[in-house]
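A short write-up of the structure that comes next.
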Amino acid sequence: MALDRQLLQSLIDEFTVNAEQLREVAANFRQDLKLGLNDPNDSSLRMLKSYVGLPTGKETGEFLALDFGGTNVRVQRIKLEGAGRFEVIKKVGKPLVVPGEYNYIAADSTAEQMFDFLAGLIDEAIDKDHETKFYLGHTFSFPSDQTNLYNAELIIWTKEFKTPGVEGKIVNDLLKEALERVGATNVEPIAVINDTVAVLLSAAYQQPDTYIGSIYATGQNNCYVEASINDPENAGVGGMILNLESGNFMKLTPNRLDLEFDEQSEKPGEQRLEKMVSGRYMGELFGMALSELFDEKGKDYGFTAIDLSSMLMDDTIDGNRIAAIVKDKTGKDIDSEECAKIKQLATAMVIRSARLVTAAYVGIIWHRTGTGKINRQHIAVDGSVYEKMPLVKENIAKALNELLGEEASKVDTILDNGGSGLGAAIAAAMAVNHHA
Ligand code: BGC
């Protein structure tokens, strides 16, 4: 079939963020941070207090770590050995959705079912030992309001989670009740943190000079250490980590498809940046563009970020793999020239994602630096898009260069694989130390 070249080019253009636009997004992000620090109501960033600062690296002891925030839930027993060292003693994990069997994130599931599932997994991790005392750190990767390290109240589900009865509740209270139901009252949830905070704690535990934590996966979000906030409830050093919920950042210029996509999503108007950049949405957005090219606007082909990644990895001369994926999802046969064009569109979307995410990093760096010189630093990142999506890492580096010039040499992104679990254990240790 012959694709409309003009339409394709205009789609590619719509998904291109030029140097000037990139700088504008970074500047807007910095401004929203400043406004949000003064009053979160004036900003699209939620600026959520985490009640932890940085760890010292000397935290020790054995803790349970619950990592709940994507489609897989993991529970680990982690022994912190200090000096940035740790050992994973046990690890269990299960998906929240098994098609045809159960789905704990659907609108017809209940909070009780969801938390019973979590408690069951925790019980498995402790081998049903209901005697030994365990402190549990909980990485809960959704926007939550806190007044201390324990009492995180879910503001709103993101990532298309729909389970009723959890929004507006203290999630660890729900967890405690479920633990009681399985008889594991010896497990004491003591700290709740966002996954971005967990990644930052985990990276900072192992090496200095890390002040920004980021998740670039199903969802996308960043946190950073705000040196100016001191609070008696705050555990740790260096200030307080703020979970920006930057997936909700809105001072952007969404294109025509972004706007339509948002309209059709579970929560229109929310998580605007996330819908333009994260793994949960990129495949669908690509499918939406393709449906215009195939003159079937509105048809949902079910593309995922994994499909995008596979298409970008196709290095065959005639684009065999791209053709096969497109055929599988849309039923259309395309020739090699069309494969190359479709790859260009996928490339544009992924590069846009990496550039917008980097603009947020730079907005935070500019805010932290003020009028001085940028410090040598790492940005700790975890997540499948960062780790596995072709083009992402190099385009982050390129965008950092564009925005920071020579000073870009002082900043790099580092993969903190598995930080969500380790960070939860560190937060639990910091909570215990804070109360000691
Ligand atoms: C959530 C954040 C989370 C991010 C990455 C977003 O949808 O709102 O709390 O950090 O996903 O998991």
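Here, each number is a calculation from the coordinates, and none is a lab measurement. Please read these numbers as outputs of a predicted model, since none were measured by experiment. Reconstructed Cβ throughout: ideal geometry from the backbone, glycine too, with neighbour counts over all protein chains shown.
Numbers below:
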{"read-out": "In order through the range 58-63: 3J(HN,Hα) via Karplus (6.51 cos²θ - 1.76 cosθ + 1.60), integer Hz, x for Gly, Pro", "value": "9, 5, 9, x, 9, 9"}
{"read-out": "Most to least packed among 377-387, 68-78, 332-342 [average Cβ atoms within 10 Å]", "value": "377-387, 68-78, 332-342"}
{"read-out": "Cα gyration tensor category, rounded, prolate or oblate, for the range 245-401 with a/c compared to 1.5", "value": "oblate"}
{"read-out": "Extension reserve of the ASN38-GLU260 stretch, reckoned as 0.36 nm per residue once the Cα distance is removed", "value": "76.7 nm"}
{"read-out": "The range 233-258 versus the range 1-59: alpha-carbon centroid distance in Å", "value": "8 Å"}
{"read-out": "Virtual spin-label span in nm between ILE414 and ASP145, 7 Å along Cα→Cβ", "value": "3.6 nm"}
{"read-out": "Label-point gap, in nm, between VAL98 and THR132 - each point 7 angstrom along Cα→Cβ", "value": "2.7 nm"}
{"read-out": "Highest average packing first - 208-219, 296-307, Cβ atoms within 10 Å", "value": "208-219, 296-307"}
{"read-out": "Phi-based couplings in Hz for the range 283-290 (Karplus 6.51, -1.76, 1.60; Gly and Pro marked x)", "value": "x, 5, 5, 4, x, 5, 5, 5"}
{"read-out": "Surrounding net charge for GLU87, when Lys and Arg each add one and Asp and Glu each subtract one, Cβ distance under 12 Å", "value": "+3"}
{"read-out": "Cα-projected label distance for ASP13 with ASP295, points at 7 Å along beta-carbon direction, nm", "value": "2.2 nm"}
{"read-out": "Extension gain (nm, one decimal) between THR60 and ALA27, 0.36 nm per residue minus Cα-Cα", "value": "7.9 nm"}
{"read-out": "Per-residue HN-Hα couplings for the range 103-113 [Karplus 6.51, -1.76, 1.60; θ = phi - 60°; Hz; x = Gly/Pro]", "value": "8, 7, 10, 8, 5, 9, 8, 10, 4, 4, 4"}
{"read-out": "Angle in degrees between helix 320-330 and the longest Cα principal axis of the chain, rounded to the nearest 10", "value": "80 degrees"}
{"read-out": "Centre separation in Å (Cα based) which lies between the range 157-187 and the range 110-152", "value": "7 Å"}
{"read-out": "Residue-averaged 222 nm ellipticity for the chain, from DSSP H runs of 4+ at -39500 (n - 2.57), nearest 500", "value": "-13500 deg cm²/dmol"}
{"read-out": "Kirkwood hydrodynamic radius over Cα pairs of the chain, then Stokes diffusion coefficient at 4 °C and 1.567 mPa s, in µm²/s", "value": "58 µm²/s"}
{"read-out": "Built amide H within the under 5 Å cut-off of TYR216, gap 5+", "value": "ASP382, GLY383, TYR386"}
